[in-house]
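Student: One structure is given below, represented as structure tokens, and several questions about it will come after.
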Amino acid sequence: MAMIQVKCTECKGTNISRNGTNRNGKQRYICNNRDCPKKSFILEYTYNGRKPGIDQQIIDMAANASGIRDTSRVLKVSKQKVSDTLKKQKHPSAR
């Protein structure tokens, strides 16, 4: 039987416990490090829009003049996810 070392996605710690499954049957894990801000996480996301860091990738692509449909196709997320992420961004104040 092969064992996979699971690391926390936030603090990279190895003190991890299994914490049930989500609705899609994916294993949920919990970090036992008290200082870690991340409580629970999943290693295999069903939808790419939920992956950590995807919002920052969307913002970076928009800053490099990629359109909504282009970003959606490259990152394999919905156009609505791209649009919602860009709407949530704070715009720099005009001076």
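The values are calculated or read from the model by the stated rules, or taken from the named source; none is laboratory data. The model shown is predicted, which means the values in this text are computed figures rather than measured ones. Cβ atoms come from the backbone with ideal geometry, glycine included; neighbour counts cover every protein chain shown.
Student: Considering only residues that are surrounded by 15 or more Cβ atoms within 10 Å (Cβ to Cβ) and touching a Ser or Thr at 6+ places or on another chain (Cβ under 9 Å), which ones fall in region 25-41? I'd like the intermediate steps shown before the answer.
Tutor: Within region 25-41, the first condition is being surrounded by 15 or more Cβ atoms within 10 Å (Cβ to Cβ), and the residues that meet it are 29-31, 33, 36, 38, 41.
Result: TYR29, ILE30, CYS31, LYS38, PHE41.
Student: Does region 42-50 contain at least one residue that is among the aromatic types (Phe, Trp, Tyr), at pLDDT below 90 and surrounded by 12 or more Cβ atoms within 10 Å (Cβ to Cβ)? Show your work before the answer.
Tutor: From region 42-50, those among the aromatic types (Phe, Trp, Tyr) are 45, 47; that's our starting set.
Then drop every residue that is not at pLDDT below 90, which leaves 45, 47.
Next, from what is left, pick out any that are surrounded by 12 or more Cβ atoms within 10 Å (Cβ to Cβ): 45, 47.
Yes, there is a match, as at least one residue in region 42-50 is among the aromatic types (Phe, Trp, Tyr), at pLDDT below 90 and surrounded by 12 or more Cβ atoms within 10 Å (Cβ to Cβ).
Student: Please work out which residue is nearest to the chain's Cα centre (by Cα), limiting yourself to region 4-40 and to residues that are β-branched (Val, Ile, Thr) and at pLDDT below 85. Reasoning before the result, please.
Tutor: Applying the first criterion (β-branched (Val, Ile, Thr)) to region 4-40 yields 4, 6, 9, 14, 16, 21, 30.
Retained after the next criterion (residues that are at pLDDT below 85): 4, 9.
Working: ILE4: 21, THR9: 10 Å.
Once the filter is applied, the top-ranked residue is THR9.
Student: Considering region 1-24 alone, what residues qualify as being in a strand (DSSP E or B) and either surrounded by 14 or more Cβ atoms within 10 Å (Cβ to Cβ) or of a type in the set (Lys, Arg) (or both)?
Tutor: Start the filter on region 1-24 by keeping residues that are in a strand (DSSP E or B), which leaves 16-21.
Scanning region 1-24 gives ILE16, ARG18, ASN19.
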